[in-house]
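Below is one structure, written out as structure tokens, with a few remarks after it.
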Amino acid sequence: MMLEAGLAGARFFHLACAIILFGGTSFVLYSRLDVGRSKRLAPLPAILATAALGALLSGLAWFVLTAANMSGALVDALDRETLSSVLWDTSFGLVWALRVPLMILILALIWWRGMAALSRRAIALLSFLAAILLASLAGVGHTQVHEGVSAGIHVTADAVHLLAAGAWLGGLLPLCLFLAPDQAAQVSNDEAVRILSRFSGMGYVAVAVLIASGSINSWFLIGSLPHLIDTSYGQLLLSKLGLFGLMLLLALSNRFRIVPAIAQSKTATGSQRLLARLRRQAGGELVLGLFVVGIVSVLGTLSPAVHGS
């Protein structure tokens, strides 16, 4: 029990850090904000550097705890032969052998000069590497129970699901930074609407991809309605879908109620009040999204519902 809890915790922190890395760097690209000049995004480089370090440390913990779980004893987490066997003799280990150097590269790129000093081309490279890091998680876990064409479809669906989730959930953090109150650099209505419209444009695509890829994943992992209702895996998945629905409702409220109201607002006081409400709801989306990540982390430690467990 303790081993499973530690594994779920490591998965949560690693997935959260990978999502922050991809969502944060991609936000900089599509928002077209200059990290070096934007006072509102000043904390973002430090957040991304911390996420990169967190991804590396939690990734190593995930690997070690998985090795212990495979051997059946926590003490084997420090056994060199066990770790070596998992690393080179399992598909999980081979994927991790590629992911660890990638995490080190991302960390070095961020800490080399600091994100604020990186060109847009370098940030695009960083976002590309973060996308590979996040999508590569599809190469471990429940996707490995299939073979042939089914395996290819499932891995692809899981990879794009991870990227869509990363773009939406990870982008909420820099969006909240952008919307944070700052008397020295208040956001104008035009700038707020422009950035929010770009975020919403990304969000439309992300939600569509999440629904499509999530349906494919469910086909492979659930199998039938009774499995969805009668298994622990299915019940947790239903909880995840409920939280996703709440996130979607907040996002729709932001896009179709608050953003148009900001665009039509005639007073600074009214605009700031609407921006504060938008910030609270975006923060609510972020909190709900973290709960979703927590559920996903636990689901990864359970047997899929299609197996009837």
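The values are calculated or read from the model by the stated rules, or taken from the named source; none is laboratory data. Values in this document were obtained by computation on a predicted structure and should not be read as measured data. All Cβ positions, glycine included, derive from the backbone under ideal geometry; neighbour counts span all protein chains shown. The protein model used for the area step is the full one, side chains on, heavy atoms only, and it has no ligands, DNA or RNA in it. Shrake-Rupley method; radii C 1.70, N 1.55, O 1.52, S 1.80 Å.
For region 193-206, a tally of residues being surrounded by 18 or more Cβ atoms within 10 Å (Cβ to Cβ) and within 17 Å of the chain's Cα centre (by Cα) returns 4.
Residues of region 1-51 being open to solvent by 20 Å² or more (accessible area, probe 1.4 Å), free of Cβ contacts under 8 Å to residues at least 40 places away in the same chain and not in a loop (DSSP other than H, G, I, E, B), which ones? Those that are open to solvent by 20 Å² or more (accessible area, probe 1.4 Å), free of Cβ contacts under 8 Å to residues at least 40 places away in the same chain and not in a loop (DSSP other than H, G, I, E, B): ALA5, ALA46, THR50. Among the conditions (1) free of Cβ contacts under 8 Å to residues at least 60 places away in the same chain; (2) small (Gly, Ala, Ser); (3) over 21 Å from PHE128 (Cα atoms); (4) open to solvent by 20 Å² or more (accessible area, probe 1.4 Å), the only one that GLY93 does not satisfy is (4). Within region 265-309, if we keep just the residues that are modelled with pLDDT under 85 and part of a helix (DSSP H, G or I), the residue that is surrounded by the most Cβ atoms within 10 Å (Cβ to Cβ) turns out to be ALA305.
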